[in-house]
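A.B. asks: Take a look at the following structure, please.
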Amino acid sequence: MDTNRMMSLAALVKARDAGKARPELMVALSRDAIARKDGRIRAFAHVAADPAIQAVGPLAGIAIGIKDILDTFDQPTAYGSAVYEGYQPRVDAAIVDLARRQGATIIGKTATTEFAFLSPAPTVNPHNPAHTPGGSSSGSAAAVAAGMIPAAIGTQTGGSVVRPAAFCGVTGYKPSYRLLPATGMKHFAPSLDTIGLFAAGVEDVAMLAALLTGRDLALPAAGQAVDPASVRVGLYRCAQLEDADPAMRDALSRAADLAANAGFDVGEIGEPDALGHARDAHKTVQDYEAGLACGPDLARYRDRLSPILVETIDRGQAILPSQYDAARRLAKRGRGATRALFGEVDILLTPSAPGAAPAGLETTGDPRFNKLWTLMGTPAINIPGFRDAAGMPLGIQAVARFGQDRRLLEVAALLERAFRA
């Protein structure tokens, strides 16, 4: 798939504001693209038959896909599970309501793994249908990558925004924890579950984040707000890097060289022991909370849930509170180490995934490079721009200090430009 076929949210908004495109025609472009492409990609769990198109608002004419883990009052919300087939919430999730308030058209519900965990959705990778699109935000990433919609909303509990964005060759932005509201989602692990955004490029996700939140996150219209020489970029040498694919390690090395050529102050930085321990603690925190959040589903529908979900909820319910508390203490120490780490660098560069999207649709990939930053609550973004020998996308993940989302987006935009030069 030619990534130039993706829709740019920023370009659509610019064309609309210049009087070159009307909102109803902009939405029609997405409706037509979905009709032509989604039979092959299967990115949507539901497409609105007659979506409300608003004529005013900063997102008027922008068709947005909503991960089917988030409630919508006017469209079914199945949470990727046969248990909830046909379920109709009474109100929107908070993030969906924010999108509507800004004039967006909710075009449909994008496919998700069951309860946003590991049982794969039917979605395929637009670059090669024999490969996974990643998960759990499978449909959100694939719909943007296939040029069906300019933007989508997803969630991340381990690596469910950054990883599928990397596999599909789009920009996926996981903000600082709770920068975007999570009310109205089917929670799996509430202290980890984070709303994220997908779009073609960094400018697009920054604009979307700014319009949804009212925060100063949009990139400047002209010039650049960041002097690369003032930004310390650390190539993060964690133990997991040794197990990454050679193509991914090479891409990360090239990314560091390109960042240096663009004027950034680039060096290497090792992983503190406290962060390695925190990464290991992620699974205990996630599974224990899943045992609580999804326990009622297990109690009523054990025989209708996927085996991997049943196994995980059972395992979570077997974790002792003392084990969960110990894992949380490790996470707290990790956050302290993270603050110290960002005293030495401003931005970390890591792989977004161990490699390109694996062949086969029975897996959604490995979140080893993402789950630590989800646990730490720090903002992270996938920056596309590299490919392996087979032409599949390879993503570079940039991470910033908690609350430094604008700085992350500004730097990511400059890195995106350097990677694609």
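Coordinate-derived values only; no laboratory data. Here the structure is a predicted model, which is why all the values come from computation and not from measurement. Neighbour counts are summed over all protein chains in view; Cβ atoms, including those assigned to glycine, are modelled from backbone coordinates with ideal geometry.
A.B. asks: In the chain, which whole DSSP H runs stretch at least 18 Å along their own axis (Cα) and average -1.0 or higher on the Kyte-Doolittle scale?
C.D. replies: 23-41, 246-261, 273-293, 405-420
A.B. asks: Which one, Pro23, Tyr84, Ala48, projects farthest toward the positive side of the charge dipole computed for the range 15-109 from Cβ point charges (K/R +1, D/E -1)?
C.D. replies: Pro23
A.B. asks: About its Cα centre, how strong a charge dipole does the range 275-332 have in debye, to the nearest 20, once Lys and Arg get +1 and Asp and Glu get -1 at the Cβ?
C.D. replies: 160 debye
A.B. asks: With an 8 Å cut-off on Cα pairs and a minimum separation of 6 or more residues, tell me the relative contact order of the chain in percent. Please list the in-between numbers first.
C.D. replies: Numbers: 1036 pairs, mean separation 76.1, N = 421.
Relative contact order, the chain: 18 percent.
A.B. asks: While we're on this one: Given the peptides 89-102, 238-251, arrange them by the average over their residues of other C-beta atoms within 10 Å, most packed first. It would help to have the intermediate numbers written out before the result.
C.D. replies: Details: 89-102: 19.0, 238-251: 16.5.
Answer by packing, highest mean first, reads 89-102, 238-251.
A.B. asks: To continue, here is another question. Place the peptides 231-237, 397-403, 58-64, 300-306 in order of packing, highest mean first, counting for every residue the other Cβ atoms within 10 Å and averaging per peptide.
C.D. replies: Highest-to-lowest ranking by the protection proxy: 58-64, 397-403, 231-237, 300-306.
A.B. asks: Now for a different question. Taking H placed 1.01 Å from N in the peptide plane, check which residues at least 5 places from Leu235 or on another chain put their amide H under 5 Å from its amide H.
C.D. replies: Correct list: Gly267, Glu268, Ile269, Leu349.
A.B. asks: For a quick check of your reading of the filter: which GluC sites (Glu not before Pro) in the range 342-421 sit in a DSSP loop and have no more than 11 other Cβ atoms within 10 Å?
C.D. replies: Glu344, Glu362
A.B. asks: When the Karplus curve 6.51 cos²θ - 1.76 cosθ + 1.60 is applied with θ = phi - 60°, which whole-Hz ³J(HN,Hα) does each residue of the range 398-403 get, with x for Gly and Pro?
C.D. replies: 10, 10, 10, 4, 3, x
A.B. asks: Per residue of the range 77-82, in order, report the coupling 6.51 cos²θ - 1.76 cosθ + 1.60 (Karplus, θ = phi - 60°) as ³J(HN,Hα) in whole Hz, putting x for Gly and Pro.
C.D. replies: Working through the residues one at a time gives 10, 9, 6, x, 10, 5 Hz.
A.B. asks: 7 Å from Cα along Cα→Cβ at both Asp250 and Arg339: what's the point-to-point distance in nm?
C.D. replies: 4.2 nm
A.B. asks: While we're looking at this one, here's another question. Which length gain, in nm to one decimal place, applies between Ala326 and Arg5 when the Cα-Cα distance is subtracted from 0.36 nm times their residue separation?
C.D. replies: 110.8 nm
A.B. asks: So how much slack lies between Asp216 and Arg417, counting 0.36 nm per residue of separation and subtracting their Cα-Cα distance, in nm? Please list the in-between numbers first.
C.D. replies: Details: separation 201, 0.36 × 201 = 72.36 nm, distance 2.13 nm.
Length gained between Asp216 and Arg417: 70.2 nm.
A.B. asks: To the nearest 20 Debye, how big is the dipole of the chain about its Cα centre, given +1 on the beta carbon of each Lys and Arg and -1 on that of each Asp and Glu?
C.D. replies: With Lys and Arg at +1 and Asp and Glu at -1, about 520 debye.
A.B. asks: Whose amide H sits under 5 Å from the amide H of Thr110, counting only residues 5 or more places off or on another chain, with H placed in the peptide plane?
C.D. replies: Under 5 Å from the amide H of Thr110: Ala45, Ile66, Lys67, Asp68.
A.B. asks: Indicate, rounded to the nearest 5 percent, the antiparallel portion of the DSSP beta bridges found entirely in the range 3-213.
C.D. replies: That works out to approximately 65 percent antiparallel.
A.B. asks: Continuing with the same structure: In the chain, what % of DSSP beta bridges are antiparallel (nearest 5)?
C.D. replies: Among the beta bridges of the chain, antiparallel pairing accounts for roughly 60 percent.
A.B. asks: Can I ask one more? All other residues with a Cβ under 11 Å from the Cβ of Gly316 taken together, and with Lys, Arg as +1 and Asp, Glu as -1, what is their net charge?
C.D. replies: Summing Lys/Arg as +1 and Asp/Glu as -1 gives -2.
A.B. asks: Using alpha carbons only, how many angstrom separate the centre of the range 88-123 from the centre of the range 327-375?
C.D. replies: 25 Å
A.B. asks: Under the rule of at least 5 residues apart or a separate chain, name every residue whose amide H is placed under 5 Å from the amide H of Asp92.
C.D. replies: Hits under the 5 Å cutoff: Phe73.
A.B. asks: Suppose every K and R has +1 on its Cβ and every D and E has -1 on its Cβ; what is the size of the dipole of the range 3-213 about the Cα centre, in Debye to the nearest 20?
C.D. replies: Here the size comes out at about 380 debye.
A.B. asks: Mind sorting out which of (1) -0.27, -0.37, -0.62; (2) -0.21, -0.29, -0.49; (3) -0.42, -0.54, -0.76 is the real log10 I(q)/I(0) by the Debye sum over Cα atoms at q = 0.06, 0.07, 0.09 Å⁻¹ computed from the coordinates?
C.D. replies: Checking each listed value against the structure points to (2).
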